[in-house]
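Have a look at the structure below, then the notes.
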Amino acid sequence: MSTAPVSIKGGESVYCINEKQLADATRLANEDPESGPKIRGTMQELEKKLTRNERAALAFMIIEDLRTSTS
Amino acid sequence: MAIEVTETAKGKLLELGLDQEKFLRIGVIPGGCSGFTYDAVIDDFIEDGDQVFFESGDLRIVSDQQSAQYLERLSIDYSDDLVQAGFQLTNKNAVKSCGCGSSFATDEAVPASGGTDEAVPASGGCGSGGCGSH
């Protein structure tokens, strides 16, 4: 008896980022006089403290949090 | 048919239970940001028109005739990296792929889902609606 096929691909994509969003984020991080240093400094700290997968998990959690909260 | 399966991917697929009865079925359907997306499932039922395109021990890759043309130069890898996690199905004939790598485009038309012979235009978006684009 055959069973239902099981996907190996981890399900559908959840969130996507378009080119304008990425360009805006890059500009904020690299060129904005107030936000730039804060973002770059935090990134450097995170790269020291967290592994690659931990940073990825943090990024996903931040995106999820931003999408579900209004603050 | 030139399909490459890395040893890591092969090991993970065998862990998922592939054997002489269960095989990996790969199909190509319209979808994703770039037009095509691979559908990859573990299956145990051979349908009319299916062919085995790769066989190595207990690992068999089966596809329908409509999708078979997009298996040429397919590479299957597995990654533990969260950013590119899980099985990575990469088409080396792709002329375009989306940022997450889940879909691709070639110079060919997109096959219709459901195994018909009719080609349909590529669809847009990532297919899930999670980003709210469709």
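Annotations
- Selection of the range B:1-28 for residues being in contact with a helix residue (DSSP H, G or I) (Cβ under 8 Å, 6 or more places away or on another chain) and either at positive phi or hydrophobic (A, V, I, L, M, F, W, C) (or both) yields B:Met1, B:Val5, B:Leu24, B:Ile26, B:Val28.
- Just one of (1) part of a strand (DSSP E or B); (2) in contact with a Gly (Cβ under 8 Å, 6 or more places away or on another chain) fails for B:Phe54. It is (2).
- Residues that are more than 7 Å from every other protein chain (Cβ to nearest Cβ) and open to solvent by 70 Å² or more (accessible area, probe 1.4 Å), drawn from the range A:1-16: A:Met1, A:Ala4
- Residue among B:Ile46, B:Ile26 that alone is surrounded by 20 or more Cβ atoms within 10 Å (Cβ to Cβ) and either assigned to a loop (DSSP other than H, G, I, E, B) or under 9 Å from the mean Cα position of the chain (by Cα) (or both): B:Ile26
- All positions within the range B:18-40 that are more than 13 Å from A:Ile8 (Cα to Cα), within 10 Å of chain A (Cβ to nearest Cβ) and touching a residue at least 40 places away in the same chain (Cβ under 8 Å): B:Gly31, B:Gly32, B:Cys33, B:Thr37
- No other residue among A:Glu19, A:Glu54 is within 14 Å of chain B (Cβ to nearest Cβ), under 17 Å from the mean Cα position of the chain (by Cα) and farther than 26 Å from B:Phe36 by Cβ apart from A:Glu54.
- Filter result for B:Leu82 (in a loop (DSSP other than H, G, I, E, B), of a type outside the set (Phe, Trp, Tyr), surrounded by 15 or more Cβ atoms within 10 Å (Cβ to Cβ) and more than 14 Å from chain A (Cβ to nearest Cβ)): no
The values are calculated or read from the model by the stated rules, or taken from the named source; none is laboratory data. Bear in mind that the values here come from a model prediction, so they are computed numbers and not experimental data. With ideal geometry, Cβ positions are generated from the backbone for all residues, glycine too; neighbour counts draw on all protein chains shown. Heavy atoms of the whole protein, side chains included, go into the accessibility calculation; ligands, DNA and RNA do not. Shrake-Rupley method; radii C 1.70, N 1.55, O 1.52, S 1.80 Å.
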